Amino acid sequence: MKVTFLEGQIMKALSGFYYVYCEGKTYQCRARGNFRKRGLTPLVGDHVVFQADNLKEGYVLDLLPRKNALVRPPIANVDLALLVFSAVEPDFSANLADRFLVAIELEDVEPVICISKMDLADDARKAEIAEYQAIYEEAGYQVLLTNTEIDKKAVLDVIAGKIAVIAGQSGVGKSTLLNALNPNLDIETGVISFVLGRGKHTTRHVELMTIGDGFIADTPGFSSIEMDELTTENLQFCFPEIDRRRGECKFRGCVHENEPKCAVKTAVENGEIAAFRYKHYIQILTEVKNKKERY
């Protein structure tokens with residue numbers, strides 16, 4: 001009997017089963033082969049070679065090359081991270097935003113900043129958010145401002161044709177956003193908790209949900225910046241406006257802290273790099289150095 005090998009993409013992983021989407025159908029599969037020997041684990045988002053005689057009894061045989069793989073959430077081939085912050089309740093925190101951005105930049109995933117609850121902000125807060133928007137856009141990020149009654153089109157356009165993950169602290173409106181984008185999801189507000197730092201997560205599996213013409217991962221999100229991967233050298237790549245100027249510094253290997261004739265510090269003094277962004281860069285740089293010394 002001729003064995004047919006198919007190619008598909010893992011859409012969900014649950015209890016040892018992988019749900020592989022191929023040409024309009026989803027196949028329930030188990031992993032077969034020497035994945036463990038090779039130190040590999042199939043992840044949601046993986047493009048795979050599989051074999052299936054029916055929709056319920058398939059086997060994942062091999063993984064096709066990945067462009068990236070995140071540890072938390074465990075997902076592969078991520079195109080975009082939608083980072084959700086709220087204008088108010090809780091108030092927007094640039095420090096938290098910059099830490100999320102570093103975590104995403106480190107994984108070589110495109111971040112998009114989404115600031116929600118703009119309709120609940122007073123005029124002073126709206127003006128403040130507008131300033132932040134201008135600074136982040138100047139740095140090179142896309143920034144979306146959304147109301148409680150969400151303008152879905154802007155978000156759907158960003159996600160179209162891509163695999164996205166969503167992250168943000170509790171209470172910023174992630175579930176409200178997902179329900180607005182796809183009412184069929186009916187996610188209980190507050191159930192999906194993506195927290196930077198400590199926090200309880202109620203979502204027990206990773207799944208790609210259809211959102212318009214793209215997918216968003218329903219996951220416990222990013223629990224921490226992987227400081228083990230951060231170095232004094234690669235941190236500057238996680239701040240685009242710093243990365244763009246590093247070649248202009250007098251000394252090769254400049255980390256833009258105490259070195260003379262540093263183009264980055266000059267740009268901060270001239271107002272070309274936002275002072276708060278540089279401050280957060282130095283804070284994280286100090287943490288990386290302290291961690292290195294500790295170990």
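The values are calculated or read from the model by the stated rules, or taken from the named source; none is laboratory data. Everything numeric here is computed off the predicted structure, so don't read it as measured data. Because the Cβ atoms are built from the backbone with ideal geometry, glycine has one as well, and the counts that use them run over all protein chains shown. We work out accessible area using only protein heavy atoms, side chains counted, and drop any ligands, DNA or RNA first. Shrake-Rupley method; radii C 1.70, N 1.55, O 1.52, S 1.80 Å.
A helix-only calculation puts the chain at -8000 deg cm²/dmol for mean residue ellipticity at 222 nm, using -39500 (n - 2.57) for each DSSP H run of at least four residues, averaged over all residues. Residues whose amide H falls under 5 Å from that of Gln142, counting only those 5 or more places apart or on a different chain, are Ile113, with hydrogens built in the peptide plane. Relative to the dominant Cα principal axis of the chain, helix 123-139 is inclined by about 80°. Charge dipole (Cα centre; +1 on Lys/Arg Cβ, -1 on Asp/Glu Cβ; no other charges) of the range 30-160 amounts to roughly 1160 debye.
Considering only Ile216, Ile129, Ile159, the mean-square fluctuation computed in a Gaussian network model of the chain, springs between alpha carbons under 10 angstrom, is largest for Ile129. For the chain, Cys22, Cys29, Cys114, Cys238, Cys262 stand unpaired, since no other cysteine beta carbon lies under 4.7 Å from theirs. Here the chain exposes an accessible surface that is 48 percent carbon and sulfur, computed with a 1.4 Å probe and the other protein chains kept in place.
Counting only alpha carbon atoms, the long axis of helix 94-106 and the longest principal axis of the chain meet at about 50°.
Solvent-accessible surface of the chain, averaged per residue with a 1.4 angstrom probe and all protein chains in place: 52 square angstrom. Which residue, Gly253, Gly16, Gly39, has the most motion in a Gaussian network model of the chain that connects Cα atoms within less than 10 Å? Of Gly253, Gly16, Gly39, the most mobile in the Gaussian network model is Gly39.
Using only side-chain charges placed at the Cβ, +1 for Lys and Arg and -1 for Asp and Glu, the dipole size of the chain relative to its Cα centre rounds to 1280 debye. In the chain, the DSSP beta bridges split such that about 55 percent are antiparallel, to the nearest 5.
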